[in-house]
Amino acid sequence: MATRGHTIHGWGLTRVAEWTVDKAQAVETFMNNCRAAEDLAEHYSVKWEDSDHEGHSSWNAWVKTSWVKWKINKLVDHIMEESGCEPHYVMARMNCKVTDDFPTMEAAQVKQVVSIKLADALFAIMTFITTLLVLTWSRYRKVIKRQTSSIEKKAQEAEEQWLAMTAANSQPTLVSIRTYLKTLDSLDYTP
């Protein structure tokens, strides 16, 4: 009978209760192969079944089920902000005016600034850290794009409200003025 709750030596992972001895060994092999790979990101992102499939699948399943419990997004956001790499700061620092100018992680030098802090905060697993940074930066890109779309829509709405209130023979009501002011307030964002 296999014992549960194993350590992956050299990776700082302990007591993964869901893993059998064989599964823990498969994960350890996968992680060691990631570390030895020429192209880490390519090796980690392999989708087809290879000799690392069981370890890769077990690792991804464990991370997926543990992600919320670990509060990873909150931790990464905090470290990014603390390091001056929060997306709004990066856009301001790099003088980005539109979301299409949102820099790559490399151009923003995020990996160099944040990796060590993330590694210290997490398990000192650079494979995981690299993947985590890529996923987080992608999430930031989506958020910035969504915020920009929302701002553009609200700015258009504010302009239409202003034109309606200032049109010839227009008599703005208190309600329309308040609505306009609320729209303007919703456009104010200060990081």
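Residues of the stretch 170-185 that are more than 22 Å from T99 (Cβ to Cβ), open to solvent by less than 100 Å² (accessible area, probe 1.4 Å), in a helix (DSSP H, G or I) and not aliphatic (A, V, I, L, M): S176, T179, Y180. For the stretch 21-35, filtered to residues that are of a type in the set (D, E, K, R) and surrounded by fewer than 16 Cβ atoms within 10 Å (Cβ to Cβ), the residue that is modelled with the lowest pLDDT is R35.
Considering the stretch 64-78 alone, what residues qualify as being open to solvent by 10 Å² or more (accessible area, probe 1.4 Å) and either within 18 Å of V16 (Cα to Cα) or among the aliphatic types (A, V, I, L, M) (or both)? Before the answer, list the steps.
The initial filter retains those residues of the stretch 64-78 that are open to solvent by 10 Å² or more (accessible area, probe 1.4 Å), namely 64-65, 67-71, 73-75, 77-78.
Passing the criteria: K64, T65, W67, V68, K69, W70, K71, L75.
Report, ordered by the first and then the second residue, all pairs with beta carbons closer than 8 Å, sequence separation of six or more or different chains, a first member in the stretch 46-62 that is more than 14 Å from C34 (Cα to Cα), and a second member that is modelled with pLDDT under 80. Taking only residues 6 or more apart or on different chains, the pairs are W62/V16; W62/E18.
Listed here are the residues, each with its yes/no results for (1) surrounded by 17 or more Cβ atoms within 10 Å (Cβ to Cβ); (2) modelled with pLDDT of 85 or more; (3) over 22 Å from L75 (Cα atoms); (4) not small (G, A, S).
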{"site": "T127", "(1), (2), (3), (4)": "yes, no, no, yes"}
{"site": "T131", "(1), (2), (3), (4)": "yes, no, no, yes"}
{"site": "E157", "(1), (2), (3), (4)": "no, yes, yes, yes"}
{"site": "Q161", "(1), (2), (3), (4)": "yes, yes, yes, yes"}
{"site": "A168", "(1), (2), (3), (4)": "no, yes, yes, no"}
{"site": "L187", "(1), (2), (3), (4)": "no, no, yes, yes"}
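Residue by residue, here is whether (1) under 19 Å from V134 (Cα atoms); (2) of a type outside the set (K, R); (3) at pLDDT 80 or above holds:
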| site | (1), (2), (3) |
| --- | --- |
| V63 | yes, yes, no |
| W67 | yes, yes, no |
| I79 | yes, yes, yes |
| V98 | no, yes, no |
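The values are calculated or read from the model by the stated rules, or taken from the named source; none is laboratory data. Remember, it's a predicted structure, so these values are computed and weren't measured experimentally. Cβ coordinates were reconstructed from backbone atoms using ideal geometry, including for glycine residues, and neighbour counts include every protein chain displayed. SASA here: full protein model, heavy atoms, side chains in, ligands and nucleic acids out. Shrake-Rupley method; radii C 1.70, N 1.55, O 1.52, S 1.80 Å.
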